[in-house]
Amino acid sequence: ALSRQNKNLMQLVYGKSTSDLASDISEPQGSTDDESEDDDFFKPKGEGAKKLTDALGAVDVNGDECSKFTSSLNTKNWNDHDVVQSIRDRFVTGDWSKAAQ
Amino acid sequence: MAKINYKKLQGSQNLRLRLLLSTLSSTPILIVDIRSNETIPGLRPHEISLLRLIEKVCDDCHVEINETGTKLKYKPGIVMGGKYLVHDCGLSRSIGYFLEPLVVLGLFGKKPLSIRLKGITNDSKDPSIDTFRSTTLNILKRFGVPSEGLELKIENRGVPPLGGGEVVLSVPIVHTSLMAVNWIDEGMVKRIRGVSFSTRVSAQFENAIIHAARGIFNRLLPDVHIFTDHKAGAQAGNSPGFGISLVAETTSGCYISVDTTISYPRKEETAEIEDDERADLKPPADVGVEIASALLGEIEQGGVVDSTHQGLLYILCALCPQDVSKIRVGKLSPYGIEALRLIKEFLSVTFAIKPDPSTGTVILKCVGCGLKNLSRKLS
């Protein structure tokens, strides 16, 4: 299982092959064929790409460039005793032998 | 003249990383379709400003932009560095946006760089100058960058929308090359430091932020000290706002940082809202709790740097001599992943990326591309 996970991270970053990506992209475009022509006509050009971005977790082709990353880091309630205990050993006030492991 | 072979790229994404890596690897690039389908097509003011900045610190570089700004030709030159340079970063992105690539370029210059940058010193989008001072510069030192001459002075602060800040950046040059690192021990957090600032508002904002942030840290660590930096008059720039930058220092010399700034939105974002209807600034107590939580989130994630500095960390590793660097990060950040991809494209350095399941972190290994400071050698 470990080697598979390892491979997945490498794939996530460097990609497996472009053909895989291409098949992902063609899918939502294909589905729009079912809709009426009018809908297609009035579709803003960026829309399809935006949906794809969300699905693939990839960066928007024309997106803003930001190194700062503040996604789900804020979600925990750090006033809660149990939550605080979960990182206690990452501090010098915690258990040193546990942190050394 | 010999025909130049341009590397062809598409879209506006990662322009900063592309320009930086293109310059370091002396690879001319041609970017097409820059926001060609958007209402306002082409390069944004901050991107143009970045190109001007690169022209300022480099010799013999060539920038060509088509009429609509959707096409950019860039032939890198030699990084010269130099003293008493001045650059106006404009108001569309903060100075942090420019500092990130500039500080790396400066290392590989012919002469040490000293430049005055004007614009926005703190905003919510880019790492603030306080974070730069507390964390980014320390990460550079880890790679053998001499601490002498590595400095960022804050003269005036300025927040969006009108800015008015001024900083002076000094970067020494690396004499031969960087030093590869074996940096996988994140250590334990021994103290938390920070700076809270305010411009054109009451100093009470700072105190409220600090009080709220301390409340979160108190259960974990007594050694918490957050300084205040209340600016008034010309030093406070042109817009009201406040913010905070926090850094957790560990027993193994890692710096984990977060920052945030609260100010009124830029004009284009509030085009529909009447001026007198502007919303109040977010309560400082909430900001304090949020930012303290964000720092604990970063600490929980693990790794020797925070998620904001991953891109820089990878670039520095890739620029090392042909020696193995080994580093640990918490979770791969989106910007970090983009950096890894572009590093492979421009420098042909591929990282071996392995999860470490026992700690939930990721270990990366690479062999540097062996970039020497060529600008200096030519002299």
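The values are calculated or read from the model by the stated rules, or taken from the named source; none is laboratory data. Since the structure is predicted, the reported quantities are computational estimates derived from the model, not experimental observations. As a convention, Cβ positions derive from the backbone with ideal geometry for all residues, glycine included, and neighbour counts pool all protein chains shown. Just the protein is used for accessible areas: all its heavy atoms, side chains included, with ligands, DNA and RNA removed. Shrake-Rupley method; radii C 1.70, N 1.55, O 1.52, S 1.80 Å.
A few remarks follow.
- Of the residues B:LEU43, B:LEU51, the single one that is in a loop (DSSP other than H, G, I, E, B), of a type in the set (A, V, I, L, M, F, W, C), under 27 Å from B:LYS344 (Cβ atoms) and out of contact with any Lys or Arg (no Cβ under 7 Å at 6 or more places or on another chain) is B:LEU43.
- Residue within the range B:58-70 that is among the β-branched types (Val, Ile, Thr), under 27 Å from B:VAL174 (Cβ atoms), in the same structural domain as B:ILE4 (by TED's automatic domain parsing) and in a strand (DSSP E or B) present: yes
- Residue within the range B:281-303 that is part of a loop (DSSP other than H, G, I, E, B) and under 17 Å from the mean Cα position of the chain (by Cα) present: no
- Filter pass, B:GLU166 being outside any loop (DSSP other than H, G, I, E, B), under 20 Å from B:LEU51 (Cβ atoms) and at pLDDT 95 or above: no
- Of all residues assigned to the range B:81-90, at least one qualifies as being closer than 30 Å to B:GLU148 by Cα, in contact with a Ser or Thr (Cβ under 6 Å, 6 or more places away or on another chain), free of Cβ contacts under 8 Å to residues at least 40 places away in the same chain and open to solvent by 30 Å² or more (accessible area, probe 1.4 Å).
Yes/no matrix, rows are residues, columns are (1) surrounded by fewer than 16 Cβ atoms within 10 Å (Cβ to Cβ); (2) more than 22 Å from B:GLY109 (Cα to Cα); (3) at pLDDT 95 or above; (4) within 13 Å of another protein chain (Cβ to nearest Cβ):
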site: B:TYR314; (1), (2), (3), (4): no, no, yes, yes
site: B:VAL324; (1), (2), (3), (4): yes, yes, yes, no
site: B:LYS331; (1), (2), (3), (4): no, yes, no, yes
site: B:LEU347; (1), (2), (3), (4): no, no, yes, no
site: B:ILE353; (1), (2), (3), (4): no, yes, yes, yes
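- Among the residues of the range B:121-158, those that are open to solvent by less than 10 Å² (accessible area, probe 1.4 Å), part of a loop (DSSP other than H, G, I, E, B) and within 14 Å of another protein chain (Cβ to nearest Cβ) comprise B:ASN122, B:ASP123, B:ASP126, B:PRO127, B:SER128.
- Tally of residues being without any contact (Cβ under 8 Å) to a residue 40 or more places away in the chain and not aliphatic (A, V, I, L, M) across the range B:216-269: 11
- B:GLY187 vs. criteria in contact with a Cys (Cβ under 7 Å, 6 or more places away or on another chain), open to solvent by 10 Å² or more (accessible area, probe 1.4 Å), on the phi > 0 side of the Ramachandran plot and of a type outside the set (D, E, K, R): yes
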